[in-house]
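Read through the structure below, which is laid out as structure tokens, and then see the notes.
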């Protein structure tokens with residue numbers, strides 16, 4: 001019997017900071033001798049996103065956004081036709097043989113993402129928070 005691993009997709013998050021009106025993505029980078037990481041912490045109270053500066057044995061943290069001040073979105077594990085990662089809340093545009101549409105990526109109550117179209121032929125044109133005008137009728 002062939003084993004199927006449903007948890008093989010990469011788990012990534014991003015968060016919309018309501019007050020700062022900015023999208024915060026998880027990432028790692030180095031500036032000179034300093035190493036930084038944007039990290040998600042989930043505990044029994046809720047979630048929070050931190051910028052952490054690590055050096056020797058000490059850690060400095062800066063709270064960027066949490067469950068009270070932001071909206072958390074998960075990476076779907078899918079990429080658009082340009083190879084860009086698709087997250088919840090992304091607005092995708094789909095054009096194919098006369099058919100055209102825009103839709104928003106959202107997880108359903110069962111935890112599955114299904115937009116009903118071929119996402120590989122779609123492209124991300126924005127998201128609900130930074131580009132809400134993309135969903136308005138002209």
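The values are calculated or read from the model by the stated rules, or taken from the named source; none is laboratory data. All figures in this text were calculated on a predicted structure; none of them were measured in a lab. Glycine gets a Cβ as well: all are built from the backbone with ideal geometry, and neighbour counts include every protein chain shown.
A few remarks follow.
- Taking first residues from the stretch 112-131 that are at negative phi and exposed (fewer than 15 other Cβ atoms within 10 Å of the Cβ) and partners that are at pLDDT below 70 and part of a loop (DSSP other than H, G, I, E, B), the Cβ contacts under 8 Å between residues at least 6 apart in sequence or on separate chains come to 114/108.
- Residue match in the stretch 28-44 (condition: at pLDDT below 85 and surrounded by 14 or more Cβ atoms within 10 Å (Cβ to Cβ)): no
- Given (1) farther than 28 Å from residue 122 by Cα; (2) at pLDDT below 90, index of the condition residue 20 fails: (2)
- Condition met for residue 124 (in contact with a helix residue (DSSP H, G or I) (Cβ under 9 Å, 6 or more places away or on another chain) and either modelled with pLDDT under 90 or assigned to a strand (DSSP E or B) (or both)): no
- Qualifying residue in the stretch 87-97 (condition: over 12 Å from the mean Cα position of the chain (by Cα) and at pLDDT 90 or above): no
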